[in-house]
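The values are calculated or read from the model by the stated rules, or taken from the named source; none is laboratory data. This one's a predicted model, so the numbers in the text were calculated from it and none came from an experiment. As a convention, Cβ positions derive from the backbone with ideal geometry for all residues, glycine included, and neighbour counts pool all protein chains shown. Surface accessibility is based on the protein's heavy atoms, side chains included, excluding ligands, DNA and RNA. Shrake-Rupley method; radii C 1.70, N 1.55, O 1.52, S 1.80 Å.
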Amino acid sequence: DGGITQSPKYLFRKEGQNVTLSCEQNLNHDAMYWYRQDPGQGLRLIYYSQIVNDFQKGDIAEGYSVSREKKESFPLTVTSAQKNPTAFYLCASSIRTDTQYFGPGTRLTVL
Amino acid sequence: KQEVTQIPAALSVPEGENLVLNCSFTDSAIYNLQWFRQDPGKGLTSLLLIQSSQREQTSGRLNASLDKSSGRSTLYIAASQPGDSATYLCAVRPRAGGTSYGKLTFGQGTILTVHP
């Protein structure tokens, strides 16, 4: 059963903590993406990766970090430097510039 | 910097109506434009993708058009149903060759409610 999975579905973070959001795909896609969505707004790109061991900053990369050690995995770490991390986080993957397929999302809340 | 705007922000219609959602973008140097659907608390589902060389794409009751020179796209939904209720987002990909080639820029979405 092919697709993109994100975990956890809900995540709570205390002030000053780093948390890592998981994104896995078994679609054999080269490119993977992380977006942030705030209420009433569209998606904003955090980071993207077009091949293994390579990634680029998106429009709002400050306070976030990523790694791409395996083709199927693209975890996102929300660091304590991100001042307003409460949001809905979406991961996507694609074959080069083809249609992006999205995971179900992780809702992160800062306590 | 590319900016994408969607109008209206919200739309409520009775079942059976034909409707049009609008998307405009400021930089016409695009590679393609995509329409997505998002149900509350869920990820995005791709509906239609239009390449920059195309004028329209159709899938079932959905038809998307693209006028690249004027920076506009419309999503036409025929014979709307309550199951069409969702947020609809458009996104543009910049033209190939630039450093931002892999990036999509999204509009803020149109929240559609179709009531029985």
Query - Leading residue by the ranking (nearest to B:Ile7 (Cα to Cα)) among those in the range B:77-107 that are at pLDDT below 95, open to solvent by 10 Å² or more (accessible area, probe 1.4 Å) and not in a strand (DSSP E or B) - result: B:Lys103
Query - Entirely in the range A:1-92, the strands (runs of 3 or more DSSP E) that have 2 or more residues that are under 13 Å from the mean Cα position of the chain (by Cα) - result: A:4-7, A:19-25, A:31-37, A:43-51, A:54-57, A:64-66, A:76-78
Query raised in the report: Are any of the residues in the range A:20-42 touching a residue at least 40 places away in the same chain (Cβ under 8 Å), away from chain B (no Cβ under 11 Å), hydroxyl-bearing (Ser, Thr, Tyr) and open to solvent by 40 Å² or more (accessible area, probe 1.4 Å)?
Result: yes
**Report entry** Condition check for A:Leu27: touching a strand residue (DSSP E or B) at 6+ places or on another chain (Cβ under 7 Å) and over 25 Å from B:Glu3 (Cβ atoms)
**Finding:** yes
Report task. Go through the residues of the range B:62-76 one by one and say whether even a single one is within 14 Å of chain A (Cβ to nearest Cβ) and touching a strand residue (DSSP E or B) at 6+ places or on another chain (Cβ under 6 Å). Result -> yes
